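> What follows is a structure written as structure tokens; I'll ask about it next.
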Amino acid sequence: MSRRALILVIVPVVVLAASALGVAALWRAPTAAVALGAPHYVEEAVAAGLVHAYSGDFTYFVGGGVAALDCDDDGQQDLYLAGGSRPAALFRNVSPVGGELRFERIASPVTDLGRVTGAYPLDLDGDGHTDLVALRIGQNVLLRGLGDCRFERANEEWDYAGGNSWSTAFSATWDDPDAMPTLAFGNYLTLESVEARTYQCDDNEMLRPRTDRRSYASPAPLTPGWCPLSMLFSDWDRSGRRDLRASNDRHYNRDGIEQLWRMAPGREPSAWTADDGWQPMRLFGMGIASRDLTGDGYPEVFLTNQADNKLQTLADGPDQPHYRDIAIERRVTVHHPYAGGDPLPSTAWHAQFEDVNNDGYVDLFVAKGNVEAQSEYAMKDPSNLLIGQADGTFVEGAVDAGVVSYLRARGAALVDLNLDGLLDLVVVNRRENVGLWRNLGVADGIGDEPTVHWLAVWPVQGGANRDAIGAWVEVRAGARIWRVERTVGGGHVSGHSGPIHVGIGSAREAEVRVIWPDGEVSTWHRVDADGWFVVDRQAGRVRAWAPGEVAP
């Protein structure tokens, strides 16, 4: 059965249920499980050897990203941190399984690049080693992974000049499963206009592979460019076509709006317009997070902003990109600080949906911090850790979690750094040391018999798109199904690779399947809870992975 056929079967049932019962009832219907509170975190950056700051003047007010990737194939996520005016830094993860976090700095002229604003990990050439796309002011750099956390510059080999822009957004998708991916670079102000103090938004760029499939053609401009701070390729309508969303900072272009580019096969990108159902909206757009929150099979989109943030859901189904905002009803506007006493509006950057307490209800992290010293916005502006509830709303959990910080946060990553099934938190701060919090779990989930469980799923296939970017991973336990799209992009100049983490609440076993990027659907595979599983498309089977083995 194809992806589209699956969604057509699911959607009418969901729509009828939503109409008859209301959205809150739709959320409660699948399970009787109780949502848990925030897990407890402990800050370990300095003790872990993770010492690094993102610095610089005006051109580094935005940016400040982290890439979480497994660069030595041991299954643990290593970290590559942007430095701004300082060199970027690569840290190898040497944490003991389930123990305190530990990192070792790997110094190299290849990765210690200057002027890095952010980075994204992905396997560009399909060789099984994760590569890095380093966004910079000046020339972007493609770093080819060689294993053992070694990299080499690959711009020349892959025929990518790197440009001469101020890059602040990135996303990637595969149009041809046997070729290198299509890359989209979002550029902020032109460097010439910065020097002249006229401040004009630059064009964005898209790279597609040549007919040889192993190198890139000259970049094609994506115009107009309206100073994006986040981009994301996503199959928002489950058609199999992955369109490009750009969230733009209206600070420098009051006429600019949020953009969605239609990526029809064999054609140049074209903008969805109001005539197509796209609703014009202007934001101080900084970050994108995407996840199916309602269970209808289509992703909701969270957009960070100065003051009120947005949570968009399709208003009329997938026939057109007409979205409505549900941030107020889901309690995720988070437009003012919740602690610190500053009454001014917040400034939000990176956002990421994950289940930090494994109760089966997705949570949301939002990094916050003043741009520099904007007097009309809060200076004491702690990041949010919003805990998902059974009725679909969110409540603030940062105080209970112990992650309140008044440093100016930028990029971030929620990833399992010590392979204990709990998602840890890395936050890049402007001019201050990076934050690193280890997740200890919720009080009633600690011990030999946890009350909540999780799965980590790696979809792997043949061809150039080895990590199955564009696939949907589905996990089923009882009456509940969780759906996660495998993407590269979003956030704020920050990304992560590795397995997809799904909390499954009290379930002790589950079933897993993958809807592959070309629409083929795998069979359901039963797996036990609390483990890592590789869904191998070529073998047609699922195999367990354990720490100490070579990662997929």
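The values are calculated or read from the model by the stated rules, or taken from the named source; none is laboratory data. Since we're looking at a predicted model, the values are computed, not measured. Ideal geometry is used to build each Cβ from the backbone, glycine not excepted, and the neighbour counts take in all protein chains shown. For accessibility, only protein heavy atoms count, side chains too; no ligands or nucleic acids. Shrake-Rupley method; radii C 1.70, N 1.55, O 1.52, S 1.80 Å.
> In segment 238-265, which residue that is among the acidic types (D, E) and under 19 Å from the mean Cα position of the chain (by Cα) is farthest from L314 (Cα to Cα)?
Applying the filter and picking the extreme gives D249.
> Checking the conditions here, which among D148, D123, D131 is surrounded by 23 or more Cβ atoms within 10 Å (Cβ to Cβ), modelled with pLDDT of 95 or more and farther than 14 Å from G83 by Cα?
Matching residue, one of D148, D123, D131: D131.
> Still on this structure: If L132 satisfies all but one of (1) closer than 26 Å to L425 by Cβ; (2) in contact with a Lys or Arg (Cβ under 8 Å, 6 or more places away or on another chain), what's the number of the condition it fails?
Among (1) closer than 26 Å to L425 by Cβ; (2) in contact with a Lys or Arg (Cβ under 8 Å, 6 or more places away or on another chain), L132 violates only (2).
> Can I ask one more? Quick check on my filter: what residues within segment 188-214 are surrounded by 15 or more Cβ atoms within 10 Å (Cβ to Cβ) and of a type in the set (A, V, I, L, M)?
L189, L191, V194, M206, L207
> Provide a single number: the residues in segment 448-475 that are open to solvent by less than 10 Å² (accessible area, probe 1.4 Å), outside any strand (DSSP E or B) and closer than 14 Å to D355 by Cβ.
So the count comes out to 0.
> In segment 512-534, how many residues are open to solvent by less than 20 Å² (accessible area, probe 1.4 Å) and assigned to a strand (DSSP E or B)?
6
> If you don't mind, another one. Whether any residue in segment 91-100 is of a type in the set (A, V, I, L, M) and under 24 Å from G491 (Cα atoms) is what I want to check.
Among the residues of segment 91-100, not one is of a type in the set (A, V, I, L, M) and under 24 Å from G491 (Cα atoms), which makes the answer no.
> Hey, another quick one. Do you know which of the residues in segment 234-254 that are assigned to a strand (DSSP E or B) and of a type in the set (G, A, S) is surrounded by the fewest Cβ atoms within 10 Å (Cβ to Cβ)? Steps first, answer last, please.
Our first condition is that a residue be assigned to a strand (DSSP E or B); within segment 234-254, this holds for 234, 243-249.
Checking the rest, the ones that are also of a type in the set (G, A, S) come to 234, 246-247.
On the way: S234: 22, A246: 27, S247: 29.
Selected residue: S234.
> Further, regarding this structure: Just need a number here: residues in segment 64-109 that are touching a residue at least 40 places away in the same chain (Cβ under 8 Å) and assigned to a loop (DSSP other than H, G, I, E, B).
Residues meeting the conditions: 21.
> A follow-up question, please. At pLDDT 50 or above and open to solvent by 30 Å² or more (accessible area, probe 1.4 Å): which single residue out of E44, E100 fits that description?
None of the others qualify; the one that does is E100.
> Restricting attention to segment 382-413, report how many residues are touching a His at 6+ places or on another chain (Cβ under 8 Å) and among the aliphatic types (A, V, I, L, M).
4
> Tell me whether segment 266-275 contains one or more residues that are part of a strand (DSSP E or B) and either basic (K, R) or open to solvent by less than 30 Å² (accessible area, probe 1.4 Å) (or both).
Checked segment 266-275: no residue is part of a strand (DSSP E or B) and either basic (K, R) or open to solvent by less than 30 Å² (accessible area, probe 1.4 Å) (or both).
> Go through segment 535-552 and report how many residues are closer than 12 Å to P459 by Cβ and open to solvent by 60 Å² or more (accessible area, probe 1.4 Å).
1
> So, in segment 280-325, of the ones that are closer than 27 Å to D363 by Cα, in a loop (DSSP other than H, G, I, E, B) and among the polar types (S, T, N, Q), which residue ends up nearest to the chain's Cα centre (by Cα)?
Within segment 280-325, the first condition is being closer than 27 Å to D363 by Cα, and the residues that meet it are 281-318, 321-325.
From what's left, in a loop (DSSP other than H, G, I, E, B): 281-283, 285-287, 292-299, 304-305, 307-309, 315-318, 321-322.
Those left that are additionally among the polar types (S, T, N, Q): 294, 304-305, 309.
Working: T294: 19, T304: 13, N305: 16, N309: 17 Å.
This residue is T304.
> Scan (1) on the phi > 0 side of the Ramachandran plot; (2) buried (at least 19 other Cβ atoms within 10 Å of the Cβ) for the single condition G341 breaks and write down its number.
Of the numbered conditions (1) on the phi > 0 side of the Ramachandran plot; (2) buried (at least 19 other Cβ atoms within 10 Å of the Cβ), the odd one out for G341 is (2).
> Can you find, within segment 276-321, the residue that is surrounded by the fewest Cβ atoms within 10 Å (Cβ to Cβ) among those that are small (G, A, S) and in contact with an Asp or Glu (Cβ under 8 Å, 6 or more places away or on another chain)? Reasoning before the result, please.
Let us first name the residues in segment 276-321 that are small (G, A, S), namely 277, 285, 287, 289-290, 295, 297, 307, 315, 317.
Of the ones still in play, those that are also in contact with an Asp or Glu (Cβ under 8 Å, 6 or more places away or on another chain) are 277, 285, 290.
Details: G277: 16, G285: 30, S290: 23.
Going through the qualifying residues, I end up with G277.
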